[in-house]
Amino acid sequence: MLVHPDEALSSVRVAIIPQKDTEQYVDVTSLVGYRGASFFQVFSDRIRFPRFAAYLPVDKAAVQIPNEGIVVRIAERASQLYVWLRSRFLFNGLNVEASGMDIALSSLRDGHIVGIQFFEDRGLLHLKSHSIEFLGELVQDLADFLHLDHVDSQAEFPSLMAAFSSPLTQVKAFHSTRQKLSTDMAETANLAKTLVVKAEDARILGDMHAMKQHYSALAALNRDLLTEFTKRKNNHSALLEKLRDVHRMIQRAARLRR
């Protein structure tokens, strides 16, 4: 990225918003001098962006903290959590300890609010956000930082579970339809086998009229089987898609604990 101000300025602001929550380093080379100069003074620096740099502190009284989130049971001192917070977020000189571990953050990407509150006497860490993915990343990062092999949590996402009930209902309906289609196809296949035997018997006996009738009925059954197979294939594809949604939801929820 190259930034060149049109006018002489004492400072330049450059917006850098990480697209993923990963620790990153930015190498900055600044060329400073007067307009038309042949030589410039060069400053080089490396700036560390902590993993959750895209979430900045905001006044808790000025925002609405989500009523969804998780409660993590953790037997750690607040001082350890302060160290974790300072190493993972940018507080722009804010005294984190003075917050009493009651913090509100806002995402630079979409503006969604995150609430963090710790009750040391009960060992409960409250993490509030509408994003289950972000809370999963927080829990896993905190567990890695504190070297915890097991982290227990209780999640509450009413709106997410309400939306999740639809795929579950659809999976149940698709599965029921699949069983019915399989049963119908099995019955049709058995009937087709019977018609094949009858048609062969009629051919051996020289009853051409009966043989033609059996083969005509067999052709109709074959068309029905192809139609039922197409229905079963479409049902199977739709079922797999909904099962993928369920699997993704299970994966997201699994990251809320360890």
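Quick look at the values:
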| read-out | value |
| --- | --- |
| Scaled radius of gyration (Cα, divided by 2.2 N^0.38 Å) that the range 125-242 gives | 2.05 |
| Alpha carbon convex hull of the range 163-219, projected area averaged over orientations, nm² | 4.2 |
| Between helix 132-146 and the chain: long-axis angle, C-alpha atoms, 0 to 90°, nearest 10 | 60 |
| Among 182, 136, 155 - extreme Cα towards positive end, dipole of the chain, charges at beta-carbon | 182 |
| Cα long-axis angle, helix 158-205 against the chain (0 to 90 degrees, to the nearest 10) | 20 |
| Student exercise, the chain dipole from Lys, Arg, Asp, Glu Cβ charges, in Debye to nearest 20 | 820 |
| Helical contribution to [θ] at 222 nm, DSSP H n ≥ 4, -39,500 (n - 2.57), averaged over the chain, rounded to 500 | -17000 deg cm²/dmol |
| Cβ-based net charge around residue 70, under 13 Å, with every Lys or Arg adding one and every Asp or Glu removing one | +1 |
| Accessible area in square angstrom per residue, the range 23-110, 1.4 angstrom probe | 63 |
| Heavy-atom accessible area order for 231, 180, 128, largest first, 1.4 Å probe | 180, 231, 128 |
| Radius ratio Rg over Rh of the chain, counting only Cα atoms, Kirkwood formula for Rh | 1.32 |
| Distance cut-off 19 Å, percentage of C-alpha pairs in the range 57-200 lying past it | 64 |
| Paramagnetic label zone (point 7 Å from Cα along Cα-to-C-beta, residue 60; backbone N under 16 Å) in the range 99-139 | 99-106, 113-129 |
| Angstrom value of the Kirkwood radius, inverse mean 1/r, which spans all Cα pairs in the range 1-79 | 17.3 |
| Cα long-axis angle, helix 78-88 against the chain (0 to 90 degrees, to the nearest 10) | 80 |
| Å² per residue, accessible surface of the range 175-258 at 1.4 Å | 70 |
| Rotationally averaged projected area of the range 111-167 (alpha carbon convex hull; nm²) | 5.2 |
| For the range 158-258, size of Cβ-based charge dipole, Lys and Arg +1, Asp and Glu -1, in debye | 940 |
| Per-bin percent of Cα-Cα distances, the range 190-258 [10 Å] | 19, 25, 16, 14, 12, 9, 5, 1 |
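The values are calculated or read from the model by the stated rules, or taken from the named source; none is laboratory data. Since the model is a prediction, treat every value here as computed from it, not as a measurement. Cβ sites come from the backbone with ideal geometry, for glycine too, and all protein chains shown count toward neighbours. With ligands, DNA and RNA removed, areas are computed over all heavy atoms of the protein, side chains included. Shrake-Rupley method; radii C 1.70, N 1.55, O 1.52, S 1.80 Å.
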